[in-house]
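The values are calculated or read from the model by the stated rules, or taken from the named source; none is laboratory data. Just so we're clear, the structure is a prediction, and the values are computed from it rather than from any experiment. Here the Cβ is made from the backbone with ideal geometry for all residues, glycine too, and neighbour counts use every protein chain on show. SASA here: full protein model, heavy atoms, side chains in, ligands and nucleic acids out. Shrake-Rupley method; radii C 1.70, N 1.55, O 1.52, S 1.80 Å.
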Amino acid sequence: MWGGRFAEGPASVMREINASIPFDKRMWRQDIAGSKAHVAMLGACGIVERTDADAISAGLDRVAVDYEANGVPVDLALEDIHMLTEARLADAIGPVAGRLHTARSRNDQVATDFRLWVRDAIDQVDAGLVALTRALISRAEEHADSVMPGFTHLQAAQPVTLGHHLLAYVEMIARDRSRFADARARMNRCPLGSAALAGTGFAIDRAMTAKALGFDAPTANSLDAVSDRDFALDYLMAATQCALHLSRLAEEFVIWASQPFGFVALSDQWSTGSSIMPQKRNPDAAELVRGHAGRIMGCMTALSVTMKGLPLAYSKDMQDDKPPVFEAHDLLALSLAAMTGMVETATFRTQRMREVASAGFSTATDLADWLVRAGGVPFREAHHITGRCVKAAEDAGTGLADLPLDTLAAIDARIDQRVFDVLSVDASVASRTSLGGTAPARVREAIAAARAALEQHS
């Protein structure tokens, strides 16, 4: 289609390296939609006869039906989905198909198609994030009172509730949703009509095509419109952050499912076995979610490096913009579905969690806080006193709550019988009533707020 300037066809390797149809064919729906909006505008503006515009639109519908039924064929000679669709349109309706490309270039065409595809991808991801959020909220409500150890440095720190722990991921996912929403809002400008780089001399109506395709407005600068891939980078950066959150949750499932922890049993649906060790139950789904985060991050890096230093406007390097976005999207969709399934079906071993929470002197901070409240002890002094109490319990091989009062009072005379009201793990979590704290009452409030926010923004 561009051969008029050339006496010879491309070398076979050039034909292969130049073609993007093997991967950009997945944008065929967006390409059809963009072309229909464009030809409708051409007809409305009198640039193309109405009868020709109607014929082209009907022909595009026939091409879409064929793609839907039979798939998109890969023809390297036609390079990309745009030229393939135009060729198929010509087969369907004849030479009038050549009028479709009036007042546009493949540069603004692909920029529009790709934005449409990424916009659709964000909507799909958001649906997956909503499903995961619902699963997390449901399990958090189920375990609002279930005590587990909270960790810092992967060492038992203070007791928390499992519901509180799961709600931490609800907060992360909410931020992911906001990042994708911001990216969607920024990208919602239509490049169509920018042509190759300088706009067009035809009296087109860019606002009409923008509105038809669901954009807020046309892009403001034709050079930027055809060369901008910020929207793809925005998507990949949001996907990377989301994948990091999923990886953290996956890592916790891997750790919790191990025998030394024993906090969770993953269902058969989300576990695998070993070809040689019949006793094995491997958290492979969680491990793959963890691994996908690295690949998604790699996709973000790949496009960032591709775009670095490209002069305006379009360069052929930008043909490589789509594979990393497509790959990241597929991986993220799989990760979200897998993580949602694991959360929904996991069996949490709350008794084991409670046992570990009760060990390791996890209520030591409660003792220090009690000394401050009940004895008027400065916190730094209370910290020192509590450290001596922990050492005594460690030497005795007991928990803090199991030390005799005489032993505690010998360390500091201000300790009395009331201290035992704060040394159990249940008392500890119940006392954490500050906003955002782990007290079951606060957890239930947070669950109600999260559920209301989800309904409002879904």
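A compact table of results
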| read-out | value |
| --- | --- |
| Cα centre as origin, Lys/Arg/Asp/Glu Cβ charges: the chain dipole, Debye | 400 |
| Sites I276 and Q155, calculated FRET efficiency, Cβ-Cβ separation with R0 41 Å, nearest 0.05 | 0.75 |
| Loop sites in segment 1-101: chymotrypsin sites (Phe, Trp or Tyr not before Pro), DSSP, at most 16 other Cβ within 10 Å | W2, F6 |
| Gain on full stretching of the segment that runs from A90 to E355 - 0.36 nm per residue minus C-alpha separation | 88.2 nm |
| With all protein chains modelled, accessible area of R179 [1.4 Å, Å²] | 80 |
| Folded to 0 to 90 degrees: helix 106-142 orientation relative to the chain principal axis, Cα | 20 |
| Accessible surface, 1.4 Å probe, highest first, among residues R451, R432 | R451, R432 |
| Reachable lysines from K25, criterion Cα separation under 21 angstrom, eight or more residues apart if same chain | K36, K316, K322 |
| Angle in degrees between helix 162-187 and the longest Cα principal axis of the chain, rounded to the nearest 10 | 20 |
| Shape of segment 204-245, Cα gyration tensor, a/c cut at 1.5 | oblate |
| Among S271, L408, N282 the positive-end extreme of the charge dipole of the chain (Cβ point charges) | L408 |
| Residue (of G298, G375, T398) at the positive-pole extreme of the chain, dipole from beta-carbon charges | G375 |
| Nearest-10 value in Å² for the accessible area of H101, using the 1.4 Å probe | 60 |
| Which of D120, D402 is most accessible, then next, and so on - probe 1.4 Å | D402, D120 |
| Overall form of segment 280-426 per C-alpha gyration tensor (a/c, 1.5; a/b vs b/c) | prolate |
| Rounded accessible area of W270 (nearest 10 Å², 1.4 Å probe) | 70 |
| Kirkwood-based Rg to Rh ratio, segment 61-152, C-alpha trace | 1.33 |
| Accessible surface ranking that places the most exposed of D182, D228, D205 first, with a 1.4 angstrom probe | D182, D205, D228 |
| For the chain, calculated [θ]222 nm from helices alone, where every DSSP H run of n ≥ 4 adds -39500 (n - 2.57) | -20500 deg cm²/dmol |
| Relative contact order (%) - criterion: Cα under 8 Å, at least six apart; region: segment 269-403 | 17 |
| Computed over segment 149-282, Cα set: Rg, Dmax in Å | 24.1, 73 |
| 10 °C / 1.306 mPa s Stokes-Einstein diffusion coefficient of segment 361-439, Kirkwood radius on C-alpha pairs, µm²/s | 126 |
| Cα gyration tensor shape of segment 12-102, rounded if a/c is under 1.5, else prolate or oblate by comparing a/b with b/c | prolate |
